[in-house]
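Reviewing the structure listed below.
The values are calculated or read from the model by the stated rules, or taken from the named source; none is laboratory data. What you are looking at is a predicted structure, and each value in this text was computed from that prediction instead of being measured. Positions of Cβ are backbone-derived with ideal geometry, glycine not excepted, and every protein chain shown enters the neighbour counts.
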Amino acid sequence: MNTKVFISSIALFASFSSFSKTYDCIEVNVFEVDRENISSRAFARAAEIPEETLNIIQTYVRTELNIDKNGLEAKKGAEDLCPSQSSALELKGTVSDYKKGSRVMRYMVGFGAGKQKIQIEAELYDKETGELLKKDRVVDRKIGGLIGGSENKGKRDFAEKMNNFVRTALGMKRSKL
């Protein structure tokens, strides 16, 4: 066997070794915000996200992960840790854009007025080793809806997208949105 092919095969196997590990718990942290970074319009909007909204998003993400048939029990980060760190994941992220939106504007004006947006630079870690398993931007936008849509619909839809982020990191099929 060619030495280069053999070494490449070992490197490829090693890069996927984390995915062969079985996880049964995930700690969902409250997403962070850099309130000092206003270097762009998106970061300036992100800096304005209320703490209450961050807590609501964390709750929706935990709820979505718990109701999905993914084999993971979702815990509330630092307040409620997984029983075994050796089979745990940690979900973190930083808000990089946020638009609260306006239900009234979506209903009365339409055409993108009053749109809602949540964008987070998400990171999924193996809790035991600290290894970064996946990093990606997760975004949800709302531009309409029946009678302007619901204020929390965007947060629930974002939670579904975050669940798919976790599922794809673990090599699972995406759930239907």
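Scan Asp68, Asp140, Asp80 and give me the residue that is modelled with pLDDT under 95 and either farther than 19 Å from Phe165 by Cα or basic (Lys, Arg) (or both). Checking each option against the conditions leaves just Asp80. For the structure I just gave you, tell me whether Ile38 is modelled with pLDDT under 95 and under 30 Å from Lys127 (Cα atoms). No: the conditions fail for Ile38.
Here is a yes/no grid of residues against (1) touching a helix residue (DSSP H, G or I) at 6+ places or on another chain (Cβ under 6 Å); (2) outside any helix (DSSP H, G or I); (3) under 21 Å from Gly130 (Cα atoms):
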position	(1), (2), (3)
Ile38	yes, yes, no
Ala42	no, no, no
Glu52	no, no, no
Ile57	yes, no, no
Cys82	no, yes, yes
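Go through the stretch 31-47 and give me each residue that's surrounded by 15 or more Cβ atoms within 10 Å (Cβ to Cβ) and over 21 Å from Thr168 (Cα atoms). Within the stretch 31-47, Val33, Ala42, Phe43, Arg45, Ala46, Ala47 qualify. When the residues of the stretch 22-36 are filtered to those that are among the hydrophobic types (A, V, I, L, M, F, W, C) and assigned to a loop (DSSP other than H, G, I, E, B), the one that is farthest from Met162 (Cα to Cα) is Val33.
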